[in-house]
Structures are given as structure tokens and as C-alpha cells.
1. Tally Lys/Arg at +1 and Asp/Glu at -1 over every other residue whose Cβ is under 12 Å from the Cβ of A:Phe306; what's the total?
2. Leaving out ligands, DNA and RNA but keeping every protein chain, what accessible area does B:Glu161 have, in Å² rounded to the nearest 10, with a 1.4 Å probe?
3. Work out the length of the dipole vector of chain A about its Cα centre, built from +1 on the beta-carbon of each Lys and Arg and -1 on the beta-carbon of each Asp and Glu, and round it to the nearest 20 debye.
4. Ordering B:Glu105, B:Glu280 by accessible area with a probe of 1.4 Å, largest first, what comes out?
5. So how tilted is helix B:354-380 from the main axis of chain B? Cα-based, degrees 0 to 90, rounded to 10.
6. Which Cα, out of B:Ala137, B:Ala295, A:Gln150, lies furthest along the positive dipole direction of the protein assembly as shown (beta carbon charges, K/R +1, D/E -1)?
7. Treat each spin label as a single point 7 Å out from the Cα along the C-beta direction, and report the B:Asp296 to A:Glu228 distance in nm.
8. Taking square-rooted eigenvalues a ≥ b ≥ c of the alpha carbon gyration tensor, is the protein assembly as shown rounded, prolate or oblate, where a/c under 1.5 means rounded and, failing that, a/b exceeding b/c means prolate?
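The values are calculated or read from the model by the stated rules, or taken from the named source; none is laboratory data. Quick caveat, the model's predicted, so the values are computed rather than measured. Because the Cβ atoms are built from the backbone with ideal geometry, glycine has one as well, and the counts that use them run over all protein chains shown. Calculation scope for accessible area: heavy atoms of the full protein, side chains included, ligands and nucleic acids excluded. Shrake-Rupley method; radii C 1.70, N 1.55, O 1.52, S 1.80 Å.
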Amino acid sequence: MSDVIIAISLLWGFIFIYAVMATMDFGAGFWSMVYINKEKTNATNIANRYLSPTWEVTNVFIVAIVVAVISFFPGATFTLGTVLLLPGSVILLLLAVRSGFLVFSHIAEEYRKPLTYISGITGFLIPGLLIIILPVTHGNFIEVRDGVEQLLVGELLTSFHAWTFFGFAVSSTLFLSSLLLADFSNHADEQEAYHIYRRDALILGPITLTMALLVMVTMRYEAVWLYEGMMEHLPFLLASAGAFFLAGFFLLMPTGQGKRGWPRLAVIVIVLQYLLASYAYGRAHLPYLIYPSITIEDGFTNPEAFRALFITYIVGFAILFPGFIYFWRLFMKDKRYAKQQKSNYDKK
Amino acid sequence: MDHLEIARSMFGTTMAFHIIFATLGVGIPLMVLFAELLYQKTNDRDYAVMANRWTKGFAVLLGVAIPSGTIAGVQLSLLWPGFMEVIGEVMALPFQIEIYAFFVEALFMSIYVYAADRISPWMRIVSLTLVALGAVASAILITNVHAFEGTPAGFRFENGEIVDVDPWAAFFNPGFFTTAGHVVVSAYMTGGFVIASIAAFKMIKDREKGRVFRFHKKALMLGLAVGGIFSLLTAFNGHQSAQLLHEYQPEKLAAAEGLFETQDYAPLAIGGFTDRETEEVKWAIEIPWALSFLADDRFDTVVRGLNDFPEEWWPPLYVHTLFNAMVGIGTLLILLSITGFFWNRFLKKKRFPKPMMWAFVASGPLSVLAIEFGWIFACTGRQPWVIYRMMKTEDAVTGASQLGTLFVLFTLVYFVLGAAVVLVLRYYFRKHPVHEAIDIKE
Ligand code: HDD
Ligand code: HEM
Ligand code: HEM
């Protein structure tokens, strides 16, 4: 593998991990808002128990992505920085409000409801805006004026393609997070919460699939080069759709004692589904970072810098890995945590 | 304001906001760690209560530190794409390593807060140490980018192209250790004094002077000790920072001191305002020979004045005031903590006099102000360069044009978050007063 392929694969990997973690994170915030008034079911508590320890870790990934882009592809920084100024700033503003009020809502008990509403709603918009960056890289919305690239905001806002991406991100967020929370509540033996989240996942799954199809349809008109690239990887797309139906099967399957569904398997298969689909998308997008002006080769950093970076990646993740495992064991596997009635903040 | 000025003001505002939370994010974990260690050593439960309460406060502050830092990081690429192109190619290592520091901090912070009751005390201390290390490492690494802007190394420009890149030479640029050291010790100092401020304030308000009063007294003494020690280190290290300027950015030092003529036996001007017309610092107290000594430990050192440099390279002259304010606060706080200790240890007085108590209350806000002054001095004093003598700020700025509205929106969000943080902290600590925490523990 050439250096530049390693670099773009690492970047792709970060984006994929962030996409999954962030949809769960923002989705959990949304569900904790939706079920805040259903005090008996514990659905809100389950969402909060997932969210409280993880959001900081998730947030680091967004920084990691930005750093990976500028450090591997400094040649793309100027264009990306300039055209993303507006959407990027809007995302940052929402993110600031969301994170701040999320923390505040755990501390100021009496004002929990309004604070949760603010963080829930802002958080739910963020994935939709983040994903808008993808159609921007498809090339139709950038124009060179006075020697400077400018984003055509009006065109972007009236593009079907962009809006289907937005819709896809929002429905994916709700779908993935309800599925994960279904698994998390099942793990915690919270049957009522499990039923609620399983039901939500079953409703949102088909909606998400429809949105994904709409993305493909609009792509065919607005980004033909990408559509054709994706069609060359049709087997991946078909396998991805297959994984989706398999997940549906795992959720519906009776497992005895009046229980239904095998959420852990469904989660794994769905992550696999997203992996296959994003692989096809990523491959089709190559070699362009931004179509048609910047390819990965033009933007790539110098070999010395790449080597130094690559070493720090290996050393860094080798050191961090045990930390991640420990974290996982304390919060995702330990039933004592999942079952706690209230978070620590409330107790003390 | 023109395009460049808006971009500068916007980035400066973001940084001025982030730095408050970032500094406390470095300083407070150290205080929590000291409290935990003192608890293990003395078995005095008050220290456990302190650790617990400070962690709560810290968790709230992190809720703003993290998003504002994320804004800072992304805005750096959005507003200064020309600069980040160079950074991406030459100076990516600190950013990259910083990510690991963030991960360490975020992982172990969650563990310390949400799993405290399921892990051993030993593991709690390890987690806390890692949180403190992660925070200080992120400060050191990001400061390195700032150091690189002042003392660039590890690359050259040839016909506008970046050549001869040596990422490690860039990483260990000449300003790195001194600058990072100054930022770290000043953040620890601020952490100490902010705790001392709060404790002193509570002691003044407490009428009964009983159990709760003694609790706050312990916090005050701990805060003063940490603040005092680190303010001394800050001053020593600040002296080195000034020498660094003398060697690498002489026009910045000249502007900081309002020195126009190059001279040996140069005097140090304290206070006053630099006057462009008369080329002197008006209403200043002059200490003969002191600037030469400051610059290179000898009275006959030749210090270069502004007139040696073309005027378009001059930093704005008001940096003199910012520099003086920072040094003034540093000196004042050293004196304050020495007096406090003298009073407590040698005169063996149980109570501090009222004016001294109010001076303690002021110490935290003053340190934060010194941080702000120091940074604005360091960043504005570098103008017109974004990378000293390599790249002008105007060549780094974004070409996108909607900055004005965004500036207003960001400022608004900082106000909202800033106000909310104060309200939430007040709310929480009102709801959970110290006496309850002490009673539960006993
Ligand atoms: C509590 C805060 C605080 C205090 C009391 C001091 N400083 Fe400071 N100073 C900072 C906080 C700070 C800072 C905010 O952390 C800066 C901004 C950029 C940097 O590297 O550190 C800084 C920068 C800074 C610089 C500029 C470095 C550059 O531009 O690269 C110099 C020359 C000094 N300091 C010198 C001093 C001296 C001689 C002090 C005497 C007591 C002093 N500082 C006290
Ligand atoms: C280590 C962290 C920092 C880095 C890497 C950094 C970098 C920069 C950069 C790239 C610019 C824009 C270009 C320029 O004007 O030179 C800038 C400007 C500025 N920064 Fe910093 N900065 C840092 C910390 C801070 C902090 C903490 C403050 C807080 C008060 C601050 C205040 C400013 C101001 C006021 C400007 C505008 C300068 C002017 O136009 O006069 N900076 N900084
Ligand atoms: C241009 C300058 C700066 C940038 C780009 C920047 C970037 C960031 C980012 C991205 C975060 C969020 C990390 C997360 O997601 O967890 C953050 C948080 C933080 N920053 Fe800054 N920062 C800057 C200046 C500073 C300075 C000067 C200091 C210290 C003196 C500092 C210390 C911290 C600390 C302690 C945190 C706390 C949160 C954490 O580590 O997770 N930062 N900063």
C-alpha cells in the first residue's frame, strides 16, 4: 500500500468510528429528551447512563478527524477551510450549545427539563449538518470567485441531493441509537425500556433504508461520477442491504419465554452494514478529496512528516488501547453500572 | 473593521474565552490530586470532601472547555487556512500527539467521575493522575504550536513552496521548553489562587467561624501554598521568556518595554504609556540598567530598540501596558502569598486581617487576568506575523467573506455559555452546601 492510501484509510477509519459513535451520542441525547416525561419506564435514564461517560470521548474523535485532515492533506486545507467556514461554524455553534447544556442538565436538577430540551434539539441537528460536508465535496457547490473558492450556499440549500443526505443522517442517528439503547437496556434487564427502543428501531429502520435509497437516486442526477463509482462496487451495496434485513430478522426473532429479539446481534450486523456501505462510498469517492479540483495525491503531506505521524499513531494507539478496554469494561459490560438507578451526579 | 481585523478579533475572542476554562482545566485537577493525596496521608475527611466538590466544579467547567476548545481547533483551520497549511505540513506532530492527551484525559475523567464507587482508592489516584497529566500535556502541546509561531524551525520557503521539512526539528523549536513551561506553571498558579479566592470569600461570609470555617481555612492554605510556589516559578520562568524574546523576537521585547533607541545599560520602564510621537514611555518609573540585565543577565547588554526595525514590522505599542500588567500581577501575588505564610506560620495568627482576606479573594481573578494579558501580549505582539518573519497574518486569512455575522453569533454563544456556567455552579453549590457534605461524611 502506498503512503497516501494508508493515510486516507486511516482518515476513513476515524470518520467511520466517529459516525457510529456520534450517531449514538446525539441520538441518545435526543431519546433522553423524548422520554423525559415517561418516568416509569427508565428509558431516559438508560439513555443518560450511556451518554454521561461517553460524550467526551466521542467528542475527541471530531478533533482527531480535523487534525488528521490537516496533517495528512495540508494541500486540501485551504480549500476545505474556506468553503466549510459557514457550515463548519454553524456546526461548532450547535456543538457548543449542545455539550454545554448536556453537562448543565445533569448538574442543575430543577432545570433538567428545559436544559435537556436545548441539548436534545441542538444535538439532533448536528449529524444532519455534519453530513452536508459530503455533498460539498461532490463538487457542485464550489465556485472560484476572484481567485478564491466560495461555497454556493443558496445552491446547497436548494439541492435535493444535500437534503436527502440531511434526512439520511437524521434518520440514521435515531435508528442506530435506538438500536444500541435497546441492546443496552436489554443488558441492564430493563424490559420496558427495551420494548420502547426496540419498537423505535423497528419503525426507524425502514425509514433509514428509504432515505439511503433516495440518496442514491439523487446522486444519480447530481453527482454522476460518484454514482457510477458506487455502482462499480454494487456487491458491497447489496451485501449491505442484506445485512440490514438480517438485523431486522434478529430483532423480530422470538427467543423464548415470551421475549423477542436478539439486540446484540442486530447491533453488530448493523454496524457491519454501515461499514460495507461506507466502504463502497469511500472507494467511489477516490481519488478525489474534493471533486474535481483536489485529489488525495495533490493534497498529501511530505514523506518525512507522514513517517513521523505514522509512528505517533502506532505508539499512541498502543498506549491508549488498554485505556479503551478498561473504559469499555467499566461502562458497557459492568451490569452494576448499567443497572444503577441514578447517575453519580444525582446521588452525591 | 476590515476582513482581516474581523478574523483576528473573532479568533482572539474565541481564544480569550477558551483560555479561561483551559487554564482551570490544567490547574484544578492538580488541586484535586493534592487534596486526594492529603486525604490518603492525613485521613482527614475534609480533604476528601474538597476533592469531591472541586471535581464537580471541574466537570462543569469541562462542559465548556471541551466545546470551546473544539471551536478553537476547527476555527484555526477555518479562519487561517494559509497558516494551517504550513502547520499541517511541518508542525502536525503536536496536534497529533495532543489527540492522545485528550483521549487520556477524557477516558480517565469519566472513570474518575462515574466509576468512583466501583474502583479502588488506589485506582482513583491513578485515574486522577492521568487526568492531570492529560490536561497538562494538552496544554504543553498546543503551546508548542504557539512557540513555533514565534521561533519557527524545521522548514524553509523556496518560491512559495515548503521545503526541507524536519518535523522533529519543528517540534523542538527554540521556544518550546521555555514557553510551555511558562504556560504550565502559570496555569498551576492560577488553579491554586482560584481555590484560595473561593475559600477566602466563604470565610468572610461565614459568621459562625466553626467547623465550616475550618474547612475553608484548610482549602485556603492549600491554595495559597500551591499558588505561592508556582507564582515564584512563573516569575523565574518569565524572566527566561523575556530572554527568549531578546534573542529571537527583539522587536517584541522593544515594544513590551517601549524602547525606541538601541542601547546598552538600557533602563526598565514600569507603568506609563508608550508615546509614538516623543518616542518615550510617559509617566513611567524608570529603573536604570534593569532592562539590559533582564535581557541577558548583564548590565552592558545591548538591547535593540524599535527604530532598528521598519515601522511596518512594529507590534502595536499598547503591548507595553499588557506586559506590565502581567508582570505586576505576578509580583503582587508572590508578595501576597509570602505575607500570608509569614502571618500564619511565624506570627502564628489564627485569623487573617480583613484587607488581607479581600486580597486573597482578588488573587484568583487577578491570575486569570494575567493569563489573558499575557496571551494577548504574546499573540498581538507577534503582529504582523503569524509565523515570525516567514508568513504574514494577512496571507494566512480565509478568503470566505461572511465573517461579520459569524463573529456576532460566536460572541453571543460565549456569553450564553459563560453566564450559564456561572449560574449552574452557583446553583449546584447552593443546593449542596459544605456543611451537609461534612455532616454526611462524619
Ligand atoms: C498567571 C499568569 C502569569 C504571570 C503572573 C506571568 N505570566 Fe508571563 N505569560 C503568561 C502568564 C503569566 C501566559 C498567559 O501564560 C503567557 C502568554 C503566552 C505564553 O507563552 O505565556 C505569558 C507570556 C509571557 C511572555 C511572552 C512570551 C512570548 O511572547 O513568547 C513573557 C516575556 C513573559 N510572559 C514574562 C513574564 C514575567 C517576566 C513575569 C513576571 C512575574 C510573568 N511573565 C508573569
Ligand atoms: C497556544 C495557543 C495559541 C495559538 C496556537 C494561537 C495562534 C494564533 C493565531 C494563528 C492567530 C491569528 C494570526 C495572528 O494574528 O497572528 C492568533 C491571533 C490572536 N490570538 Fe492567539 N493563539 C493561541 C492562544 C491565544 C490565547 C490563549 C489568547 C487569549 C487571550 C490569544 C489571543 C489572540 C489574539 C487577541 C489574536 C489577534 C491578534 C491581533 O490581531 O492583534 N491567543 N493566535
Ligand atoms: C489555538 C489554541 C488551542 C486549540 C486549537 C485548542 C484546542 C482544544 C480542543 C480541540 C479541546 C477539546 C478537546 C476534547 O475534545 O476533549 C481543548 C480543550 C482543552 N484545552 Fe485547548 N486549545 C487551545 C489552546 C489551549 C491552551 C493555550 C491551553 C492551556 C493552557 C489549553 C488547554 C486545554 C485543556 C486543559 C482542555 C480541556 C479539555 C480536555 O483536555 O479534554 N488549550 N482545546
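1. Values: positive: A:Arg307; negative: A:Asp3, A:Glu304, B:Glu89.
Cβ neighbours under 12 Å give a net charge of -2.
2. Ignoring ligands and nucleic acids, B:Glu161 comes out at about 120 Å².
3. Numbers: 23 positive and 23 negative charges, 337 e Å.
Dipole of chain A, to the nearest 20 debye: 1620 debye.
4. Values: B:Glu105 20, B:Glu280 90 Å².
Heavy-atom accessible area, descending, gives B:Glu280, B:Glu105.
5. The answer is roughly 30 degrees.
6. B:Ala137
7. If labels sit at B:Asp296 and A:Glu228, their model points lie 6.7 nm apart.
8. Working: a/c = 2.25, a/b = 1.25, b/c = 1.80.
Oblate, because a/c is 1.5 or more while a/b does not exceed b/c.
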